[in-house]
Amino acid sequence: MTQEYRHVTVLLEEAVEQLVTDPNGFYVDGTFGRGGHSRLILSRLGPQGRLLAIDKDPEAIAHAEREFAHDPRFEIAHASFADLAQLITERDRQGRVQGVLLDLGVSSPQLDNPERGFSFQHDGPLDMRMDTSRGMSAAQWLAQVGEKELADVLFTYGEEKFARRMARAVVETRQEQPLERTAQLAKLIAAANPKWEKGKHPATRAFQAIRIFINRELEDIETCLAAIPPALCQGGRMVVISFHSLEDRLVKRFIRKESKGEELPRDLPVQHSALNVTLRPLGKAWKASDGEVDDNVRSRSAVMRVAERI
């Protein structure tokens, strides 16, 4: 039997408060995880309300089927939130979704379970796939990736200053022995990092970069964001919680672009409606309260942004 790992949902009340504006609406939880947001969303919905939850992780799907199968208002889809447009179209909900929630990044159960291979703090197989039923594991990728490509991934997705040194160390080490364990990689990366950041494990950025690349996280975010405005009804909302600057930057830029509309020459005589503005931002970025950070240290980097369909 698979061990259950506790997950503390970040910005739970704030996210659902901003998301649910019509108790009889159709909502999407694009990152089900262990159902923290889904459970609270369902508590705010009436008998006619509906919630479609999505997750890549087979363990999350199994949890959803155990915990929520009794609720006729709930449906779980084993997919990526990048498939949002297709999932909405199949259910004839295009332009009729009341709200979409995305809680980005890796969940606590994924981090805390050594067998998933996400964490440098627990030794386990070097996997890192959110969907363990498909795709290449981190170990398989590291066994064949070129030194330059690896350095580019570490720099682009981890903003790692010592990406070249780390990539060289990986390539040299794998010639002697395969990289198959998280502790093995963490030790190797730490040794290749000449300047450790205070309060941060020296392998933090490298593990983040490899995880993002293996799971195509940024590409999936971009695909999903583009699908949200056409899916929403007028007044429908998107709520996105990010946990690092790369994610938040994508979300912030997308909302800004959709709230300004098409870029046209300044002297071109067009009405505002012709600019194809789709969203308006609601408030500034939300962050976890001091109390929440004290209770859950992983919430300290969380940033929530909300926008409404015009």
| task | Mind listing just one residue for me: the one in the range 177-215 that is open to solvent by 40 Å² or more (accessible area, probe 1.4 Å) and without any contact (Cβ under 8 Å) to a residue 24 or more places away in the chain and, of those, farthest from the chain's Cα centre (by Cα)? | result | 177
| Taking helices (runs of 4 or more DSSP H) that fall entirely within the range 104-194, which contain at least 2 residues that are of a type in the set (Lys, Arg)? | 163-174
| request: State which residue pairs qualify: first residue within 7 Å of residue 209 (Cβ to Cβ) and inside the range 146-164, second residue open to solvent by 10 Å² or more (accessible area, probe 1.4 Å) and in a helix (DSSP H, G or I) in any location, beta carbons under 7 Å apart, and separation of 6 or more residues or different chains. | output: 153/213; 157/208; 157/213; 157/246; 158/205; 158/208; 160/205
| remark: Within the range 34-69, the residues that are within 15 Å of residue 100 (Cβ to Cβ) and modelled with pLDDT under 95 are none
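Conditions (1) among the acidic types (Asp, Glu); (2) touching a residue at least 24 places away in the same chain (Cβ under 8 Å); (3) part of a helix (DSSP H, G or I); (4) farther than 23 Å from residue 222 by Cβ, marked per residue:
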site: 53; (1), (2), (3), (4): no, yes, no, no
site: 63; (1), (2), (3), (4): no, yes, yes, yes
site: 71; (1), (2), (3), (4): yes, yes, no, yes
site: 75; (1), (2), (3), (4): yes, yes, no, yes
site: 82; (1), (2), (3), (4): no, yes, yes, no
site: 86; (1), (2), (3), (4): no, no, yes, no
site: 95; (1), (2), (3), (4): no, yes, no, no
site: 99; (1), (2), (3), (4): no, yes, no, no
| query | Could you say whether any residue in the range 24-42 is of a type in the set (Phe, Trp, Tyr) and closer than 20 Å to residue 286 by Cβ? | reply | yes
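The values are calculated or read from the model by the stated rules, or taken from the named source; none is laboratory data. Because the structure is a prediction, the values reported are computed rather than measured. Using ideal geometry, Cβ is built from the backbone for each residue, glycine included, and neighbour counts are taken over all protein chains shown. Keep in mind that these areas ignore ligands, DNA and RNA; they rest on the heavy atoms of the full protein, side chains included. Shrake-Rupley method; radii C 1.70, N 1.55, O 1.52, S 1.80 Å.
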